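Every read-out reported here was derived from the displayed coordinates using simple, explicitly stated rules and does not represent laboratory data. Predicted model, so just to flag it, every value in this text is computed and none were measured. Positions of Cβ are generated from backbone atoms using ideal geometry, with glycine treated the same way; all protein chains shown enter the neighbour counts.
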Amino acid sequence: MEGINTNARRSVVEQLVQKTVPRHEHDEQEAMDAFQEARAKSREALMLDLRFTDGTIESFDYGSLRRVKYHPDGTLVLRFGKAEVTAEGKNLDRLRDAISEHRARFIQEGTETELGIKPEDAAHIDRIAIEEGDEEL
């Protein structure tokens, strides 16, 4: 039987299966890659900027954020090492969540004009104060 190839030949179906990747697996991998990239971008906030109405901006390292304390009366207290930041306003509960997850890039003092045009349930900060010291929250 000369001239006949005795090696097992792959069927056309086997050849096609090995050459193509199922479309759903490719989409799934793209989705996972996009999720990881978005997650990384959402975690890029290494510092929290405090923006004041006079234009001053002071930044605090999220790595030194030790405590976050929320009072339902509209007060948010942040402990960065020895510094204590107090923000007073309204509807600060969602802002507390974002800060505790290191997702907020900044908090900003607002004006009365801004307060008047914001939705009723929107966060608004009337005042931000920074105290240096050794006391704990």
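Brief remarks on what is shown
- Percent antiparallel among DSSP beta bridges (both partners in region 78-137, rounded to 5): 90 percent
- For GluC sites (Glu not before Pro), the sites in region 43-84 that DSSP calls loop and that have at most 14 other Cβ atoms within 10 Å are 44.
- One chain, two ends: residue 86 and residue 127. Fully extended at 0.36 nm per residue, the span grows by 14.0 nm beyond their Cα-Cα distance.
- An ellipsoid equivalent to region 47-132, defined through the eigenvalues of its Cα gyration tensor, has semi-axes of 20, 14, 11 Å when rounded to whole angstrom and sorted largest first.
- Rounded to the nearest Hz, the phi-derived 3J(HN,Hα) couplings of region 57-67 under the Karplus curve 6.51 cos²θ - 1.76 cosθ + 1.60 (θ = phi - 60°) are 10, 10, 10, 10, 6, 4, x, 9, 6, 9, 8, where x marks glycine and proline.
- Phi-based couplings in Hz for region 102-112 (Karplus 6.51, -1.76, 1.60; Gly and Pro marked x): 6, 9, 6, 8, 7, 10, 9, 5, x, 10, 5
- Under 5 Å between amide hydrogens, built in the peptide plane, is the criterion, and for residue 59 it picks out 50 among residues at least 5 positions away or on other chains.
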